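Peer 1: Sharing a structure here in structure tokens format.
The values are calculated or read from the model by the stated rules, or taken from the named source; none is laboratory data. Being a predicted model, the structure only gives us computed values, none of them experimental. Because the Cβ atoms are built from the backbone with ideal geometry, glycine has one as well, and the counts that use them run over all protein chains shown. Accessible surface areas use protein heavy atoms only, side chains included; no ligands, DNA or RNA. Shrake-Rupley method; radii C 1.70, N 1.55, O 1.52, S 1.80 Å.
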Amino acid sequence: MYAFVTGPLAWLAFGIFFIGLIYRAVWYIRGLDWKADRVAYTEYPSYGFRGAVRSIFFWLIPFGTRSWRFYPGMTILFFVFHIGLLFTPVFLRAHNMILAERWGFSLPVISDTTADFLTIIVLAAAVFIILRRIALPEVRNLTTAYDILLIVITAAPFLTGLFAYHHIGNYQFWLIVHILSGEIWLIAIPFTKLSHFLLFFMSRAQLGMDYGIKRGGMKSKGLAW
Amino acid sequence: MAEGILCNKSPINTKEELYALLNDKSGKQYYQQMKDLEVDGDALWATIQKSMKSRLKTWLEICAHCGMCADSCFLYLANDKDPKQVPSYKIQSTLGEIVKRKGQVDNEFMRHVMDVAWSQCTCCNRCGMYCPFGIDMGVMFSYLRGLCFTQGFVPWEMKIGSGMHRVFRAQMDVTSEDWVDTCEWMAEEYEDDWPGLTIPVDKEDADIIYTVNAREPKHYPEDLAEAAILFHLAGENWTVPSEGWEETSLAMFAGDWEGCKLQVESVYDAIIRLRPKRMVVTECGHAYRATVIEGPYWTGRKSGQPPVETLHYVEWVAEALRTGKIKIDPAKKIKEPVTYQDSCNYIRNAGLGDIAREIMSYIAEDFREMKPNREHNFCCGGGGGFNGIGCYREQRNKGLIVKRDQILETGAKLVISPCHNCWDAIRDLEEVFKIGIRWSFLKPLLIEMAIVPEHLKVQEEEEEA
């Protein structure tokens with residue numbers, strides 16, 4: 001079983017993840033239409049570039065935009081959640097050991113204590129994000145079961161990873177479930193809203209170019225996000 | 001397909017159709033007929049498949065339902081934070097639903113979509129600035145209005161407005177003759193006070209071509225005279241075209257993209273015919289948005305720019321004051337507290353926030369900013385056609401309270417509003433809430449404050465002495 005989930009299934013999951021994302025990127029860019037979107041995307045590269053970069057940059061900084069400042073609680077939840085989601089799996093010592101073993105290279109690693117801390121933070125943030133969805137009427141009204149499912153898919157590798165690492169219950173069982181849940185997560189990214197992993201950047205760049213080229217970017221210092 | 005005589009899927013292209021619709025007071029029969037208007041689901045789906053590209057599809061798909069757009073919407077705030085007024089909900093439950101059902105929706109649903117598209121969104125685009133993914137629901141609602149238009153589910157006034165542009169190339173029934181007559185009349189009317197004042201029509205190779213909002217010749221001709229006086233004071237070499245003088249676009253509010261194109265082409269044709277160096281657009285927000293920001297795309301101009309460099313009126317004013325073409329008498333500057341209404345269409349959506357502040361620095365001693373301001377300012381409450389739709393008057397009035405409170409907070413009793421829509425909304429909010437404010441375009445204030453050069457003054461006739 002272990003050989004299967006870390007062998008063919010892992011190849012499949014990573015394959016779908018990367019090819020899926022490349023497909024989404026190509027599909028998105030090919031679908032941009034200067035006439036239908038009413039943005040002269042290619043006519044003013046420097047304005048377009050500046051608009052896109054500004055639009056992404058300010059939104060990647062905690063409290064960097066008026067919207068982030070307006071919802072401080074959500075902003076903290078959001079950044080903690082996403083930083084944990086990205087950093088933990090990529091820089092985890094155990095993951096990089098596998099990488100070194102199989103591919104002969106590895107990335108810098110974080111200590112296991114840090115990883116534990118990040119994992120617990122991710123899980124706590126996921127719980128609060130779900131609570132927020134239930135507590136706030138304006139968010140509750142928007143929330144669907146699909147939204148909750150995606151949070152569960154995203155949080156599952158962290159919970160199972162925690163169990164496996166600390167040998168809570170049956171190690172072999174949790175290890176397999178951990179790997180499987182990670183693979184489900186990877187596969188889900190290109191097919192679901194989790195595609196915002198990539199499309200966040202595309203969509204932000206698009207609106208940034210819209211403002212940078214068409215809606216005032218050539219007559220101002222740039223939109224104050 | 002069941003279609004009414006007045007309410008149907010065809011746009012208005014003749015005077016007869018237009019006047020038949022106008023004569024149906026308040027659209028009584030029109031809305032009655034709308035109840036029986038069949039939805040052509042296949043055509044709707046075909047339109048969506050053809051026109052909905054990756055940007056819109058992605059926006060619909062990746063919305064995380066986080067609710068961060070909620071407080072960005074003045075209608076959400078004005079309606080006691082009703083969850084049904086959250087921008088994401090409004091677009092997902094209308095456009096999102098149509099797409100999910102592949103266009104197979106019924107009459108009742110489409111009438112609901114019309115209500116949401118015209119009475120719960122003014123296309124101010126503020127929500128797009130607050131969404132982490134950059135989902136601009138104003139853009140999506142504008143697209144949705146276009147879909148509604150193809151199916152005939154359009155508020156009565158919007159259908160008339162689009163028809164006006166198609167028939168008269170103006171949002172009101174003002175013909176070229178009416179327009180030229182008004183220009184001549186205004187020049188004559190004000191000539192005694194302003195010797196040498198003219199409104200040159202169809203002058204070729206002028207420095208400036210000036211274009212307006214049809215309401216001005218129709219209802220506020222003095223606005224045209226004021227523009228002429230200010231150009232006269234500044235010594236500008238300017239002209240107005242006899243045709244292609246109308247900048248506004250109710251067709252844009254209606255979602256009639258073909259009508260938009262026809263209207264804008266008339267202006268571009270005038271530019272090409274008269275070869276001016278620059279164009280100046282009157283104090284109107286959506287006119288500038290339509291003809292300068294969106295228009296180039298409707299007409300397929302790859303550059304995304306109109307045929308000549310174009311200034312919104314505030315840009316011309318700032319330039320005239322900056323370069324001293326018009327000088328302000330320091331003693332006549334506005335002394336009382338005064339605030340400025342940032343129009344969504346040329347501040348948020350065209351980047352002129354600094355220009356507005358520059359003008360205020362020249363003319364006001366106690367300028368008070370609204371909070372929030374510039375590109376983050378709230379819609380006046382009447383944008384996107386909201387002011388003009390009778391059956392949504394109650395919802396419009398409710399929406400005004402956000403602007404009312406913003407103005408009250410500044411403590412100013414004078415609101416400068418260089419946008420027809422904002423100007424109307426602020427006038428109406430005073431009428432509804434009686435908060436004791438005055439509102440004004442820039443032109444009349446500038447004429448009051450400007451220093452008139454000796455050679456332009458009325459010369460007293462010496463024989464009288």
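Peer 1: Does B:VAL415 count as of a type outside the set (Phe, Trp, Tyr) and open to solvent by 10 Å² or more (accessible area, probe 1.4 Å)?
Peer 2: no
Peer 1: Only one residue in B:ARG289, B:ARG322 is open to solvent by 10 Å² or more (accessible area, probe 1.4 Å), over 16 Å from the mean Cα position of the chain (by Cα) and either touching a residue at least 24 places away in the same chain (Cβ under 8 Å) or outside the structural domain of B:ALA251 (by TED's automatic domain parsing) (or both), so which one is that?
Peer 2: The unique qualifying residue is B:ARG322.
Peer 1: While we're here: Taking the condition of being without any contact (Cβ under 8 Å) to a residue 60 or more places away in the chain and either closer than 30 Å to A:TYR44 by Cβ or more than 10 Å from chain B (Cβ to nearest Cβ) (or both), how many residues in region A:185-196 meet it?
Peer 2: The total comes to 3.
Peer 1: Within region B:305-319, restricting attention to residues that are surrounded by fewer than 22 Cβ atoms within 10 Å (Cβ to Cβ) and free of Cβ contacts under 8 Å to residues at least 40 places away in the same chain, which residue is farthest from the chain's Cα centre (by Cα)?
Peer 2: The selected residue is B:GLU319.
Peer 1: Next question, about the same structure. Within region B:1-30, which residues are open to solvent by less than 50 Å² (accessible area, probe 1.4 Å) and among the aromatic types (Phe, Trp, Tyr)?
Peer 2: Correct list: B:TYR30 only.
Peer 1: Right, another one. Which one of the conditions (1) among the small types (Gly, Ala, Ser); (2) touching a residue at least 40 places away in the same chain (Cβ under 8 Å); (3) within 10 Å of another protein chain (Cβ to nearest Cβ) does A:ALA125 fail to meet, given that it meets all the rest?
Peer 2: (3)
Peer 1: Could I ask something else about it? So which residues in region B:69-92 are among the charged types (D, E, K, R) and more than 9 Å from chain A (Cβ to nearest Cβ), if there are any at all?
Peer 2: Result: B:ASP80, B:LYS90.
Peer 1: Taking B:ASP178, is it open to solvent by 30 Å² or more (accessible area, probe 1.4 Å) and among the acidic types (Asp, Glu)?
Peer 2: yes
Peer 1: Keeping to region B:387-425, report how many residues are part of a loop (DSSP other than H, G, I, E, B) and under 21 Å from B:LEU446 (Cβ atoms).
Peer 2: Within region B:387-425, residues that are part of a loop (DSSP other than H, G, I, E, B) and under 21 Å from B:LEU446 (Cβ atoms) number 5.
Peer 1: Would you tally the residues in region A:20-65 being charged (D, E, K, R), open to solvent by 70 Å² or more (accessible area, probe 1.4 Å) and within 11 Å of chain B (Cβ to nearest Cβ)?
Peer 2: The number of residues fulfilling the criteria is 3.
Peer 1: Among the residues in region B:149-159, are any within 16 Å of the chain's Cα centre (by Cα), open to solvent by 10 Å² or more (accessible area, probe 1.4 Å) and within 12 Å of chain A (Cβ to nearest Cβ)?
Peer 2: No; the residues of region B:149-159 include none that is within 16 Å of the chain's Cα centre (by Cα), open to solvent by 10 Å² or more (accessible area, probe 1.4 Å) and within 12 Å of chain A (Cβ to nearest Cβ).
Peer 1: Which one is nearest to the other protein chains (Cβ to nearest Cβ) among residues in region A:197-225 that are in a helix (DSSP H, G or I) and surrounded by fewer than 21 Cβ atoms within 10 Å (Cβ to Cβ)?
Peer 2: Among them, the one singled out is A:PHE200.
Peer 1: Right, next: Does B:PRO418 count as within 14 Å of chain A (Cβ to nearest Cβ) and at negative phi?
Peer 2: no
Peer 1: Next up: Among the residues of region B:138-182, what is the count of those that are closer than 25 Å to B:TYR89 by Cβ and not in a loop (DSSP other than H, G, I, E, B)?
Peer 2: The number of residues fulfilling the criteria is 15.
Peer 1: Test B:PHE133 against the stated conditions and say whether it is away from chain A (no Cβ under 14 Å) and crowded, with 19+ Cβ neighbours inside 10 Å.
Peer 2: When the stated conditions are applied, B:PHE133 does not pass them.
Peer 1: May I ask you to say which residue of A:ARG54, A:ARG66, A:ARG30 is of a type outside the set (S, T, N, Q) and in contact with a Pro (Cβ under 9 Å, 6 or more places away or on another chain)?
Peer 2: Unique residue meeting the criteria: A:ARG66.
Peer 1: Return the total of residues in region A:74-127 being in a helix (DSSP H, G or I) and within 18 Å of the chain's Cα centre (by Cα).
Peer 2: 29
Peer 1: Looking only at residues that are part of a helix (DSSP H, G or I), within 30 Å of the chain's Cα centre (by Cα) and more than 8 Å from chain A (Cβ to nearest Cβ) in region B:46-68, which one is surrounded by the fewest Cβ atoms within 10 Å (Cβ to Cβ)?
Peer 2: Once the filter is applied, the top-ranked residue is B:LYS50.
Peer 1: Can you tell me how many residues in region B:327-350 are assigned to a loop (DSSP other than H, G, I, E, B) and surrounded by fewer than 24 Cβ atoms within 10 Å (Cβ to Cβ)?
Peer 2: 6
Peer 1: Name, by its number, the condition in (1) touching a residue at least 60 places away in the same chain (Cβ under 8 Å); (2) of a type in the set (Gly, Ala, Ser); (3) over 17 Å from B:THR310 (Cβ atoms) that does not hold for B:ALA228.
Peer 2: (1)
Peer 1: Could I ask something else about it? Could you list all residues from region B:363-412 that are open to solvent by 10 Å² or more (accessible area, probe 1.4 Å), under 22 Å from A:SER67 (Cβ atoms) and of a type in the set (D, E, K, R)?
Peer 2: Correct list: B:GLU369, B:LYS371, B:ARG374, B:GLU375, B:ASP405, B:GLU409.
Peer 1: Which members of region B:228-281 meet the condition of being part of a loop (DSSP other than H, G, I, E, B) and either of a type in the set (Ser, Thr, Tyr) or at pLDDT below 95 (or both)?
Peer 2: Scanning region B:228-281 gives B:SER242, B:THR248, B:SER249.
Peer 1: Would you tally the residues in region A:130-145 being within 19 Å of A:PHE81 (Cβ to Cβ) and more than 9 Å from chain B (Cβ to nearest Cβ)?
Peer 2: 4
Peer 1: Is region B:97-106 home to any residue that is in contact (Cβ under 8 Å) with a residue 12 or more places away in the chain, within 14 Å of chain A (Cβ to nearest Cβ), out of contact with any Ser or Thr (no Cβ under 6 Å at 6 or more places or on another chain) and over 30 Å from B:ALA227 (Cα atoms)?
Peer 2: Yes.
Peer 1: Would it be correct to say that B:THR182 is among the hydroxyl-bearing types (Ser, Thr, Tyr), free of Cβ contacts under 8 Å to residues at least 40 places away in the same chain and touching a helix residue (DSSP H, G or I) at 6+ places or on another chain (Cβ under 6 Å)?
Peer 2: So B:THR182 does not fit the description; no.
Peer 1: With A:ALA155, A:ALA94 as the choices, which residue is more than 13 Å from chain B (Cβ to nearest Cβ) and in contact (Cβ under 8 Å) with a residue 60 or more places away in the chain?
Peer 2: Every option except A:ALA94 fails the conditions.
Peer 1: I would also like to ask the following. Restricting attention to region B:224-258, which residues are charged (D, E, K, R) and open to solvent by 10 Å² or more (accessible area, probe 1.4 Å)?
Peer 2: B:GLU226, B:GLU236, B:GLU243, B:GLU258
Peer 1: How many residues are under 19 Å from B:GLU309 (Cα atoms) and in a loop (DSSP other than H, G, I, E, B) when one looks only at region B:195-212?
Peer 2: Summing the residues that are under 19 Å from B:GLU309 (Cα atoms) and in a loop (DSSP other than H, G, I, E, B) in region B:195-212 gives 6.
Peer 1: Identify the residue in region B:339-377 that is more than 12 Å from B:MET449 (Cβ to Cβ) and of a type in the set (Val, Ile, Thr) and, among all such residues, is farthest from the chain's Cα centre (by Cα).
Peer 2: B:THR339
Peer 1: Next up: Quickly run through region B:154-206 and pick out the residues that are acidic (Asp, Glu) and within 28 Å of B:GLN459 (Cβ to Cβ).
Peer 2: B:GLU184, B:GLU188, B:GLU189, B:GLU191, B:ASP192, B:ASP193
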